[in-house]
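In what follows, a structure is listed as structure tokens, so that the remarks can point back to it.
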Amino acid sequence: MPGNDRIARFWHWWISTLSGMMPAVLARRWQGGPGLEVRIAPDRLHFAGPDRGAPEAVQLEGECTHLGELAPRIAARVAPGSRVDVRLDRACLLTPVLSLPDAVLRELRSALALQVASLTPFAAEEVHFQYRVLEHDRQAGRVRVELMVLPRRELARLAEALAGAGARLGDVYVDMGEGEAPASYLLAAAEGPGRRRAAGPRWVQALAAGLLVANIAWPYYRLAASDRRLETRLAELQARFEDLQRRNRGLRADQAARDWLLRRRRETPRVLEILAVLTDQLNDATHLERLVLHDDRLTLRGVSDDATALLERLSALPLFTEAQFTSAITPAGKDGRERFVLRLRLRTGGKHAH
């Protein structure tokens, strides 16, 4: 009945949760046994019972190394609620050997993850892998490493078959063989399909996690508060800087106005002196349209009956020097007068007699 199935699934979940929090002995008693260990070689399967001795062997027809193909046979021999550990022969995995600089030893796993895509048909996120260092030549600065690679989909198919039989997948590790290094776990504790036994009571783990988060978060909180204070101070300094800029622009404008007034006061006597000289030298036939004084340069524009003679008269005066026309002389009308633009340079020094 559907209700009974839900109750059974609940109790299976509850038993697996409690067994994950218990020591191994109590977990075995709670689950009714330690489960099953399956040893997989290219040509046979070995099923080891609770005592891990005298395994029952199943001969395979030809080489069959894919866990996905073996999953139905393994699932058919498990008991509901049991845990299945898998020991793989190295021949069941992809095992390329690499020669790398020994500088990668500190971050060897990360370096090997980058090599998986080029050495196997899979991307790093598509496989589980483990490794062992075969040789470290310190003199040459090289290290030989054997990779052991298993596609994730193979374990996923096995875990799905076991779940259908009411069992769960436990540890998956590689059998290094007799006389070799101990068995190497292929799955890290966080990525195994089955839940590993907890390292301690849940409340202890939660407390440790809370303390860890607090220790990490507190410096960031203080840093954020310091950043806020610095931003406030920076805004104040920015406002003061903009106010100083406005005052500086005002001071420069005032100084420019004072300089202009002083220049006008200094130029006024010179202008009067120039006008007095020009009044003496210009005849009734000469009419000035514009007079511009800029520093020591004087520009005259107007009409005269003889512009050339006017230039000679002004050049002879001790007040002026470098007298010249800035443009060609042109007729000013039918009366024969000439239009001119004349530039003179004033001699430096005090007033000059005229």
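Nothing in this text is a laboratory measurement; each read-out follows from the coordinates by a stated rule. Since the model is a prediction, treat every value here as computed from it, not as a measurement.
For the stretch 104-182, the spread of Cα positions along the three principal axes, ordered from largest to smallest, is 54, 32, 19 Å.
Projected onto its three principal axes, the C-alpha set of the stretch 282-346 covers 36, 20, 20 Å, listed from the longest axis down. Under 5 Å from the amide H of Arg337 lie the amide H atoms of Ala332, each residue being 5 or more positions distant or on a separate chain, with H modelled from the backbone and absent for Pro and chain starts.
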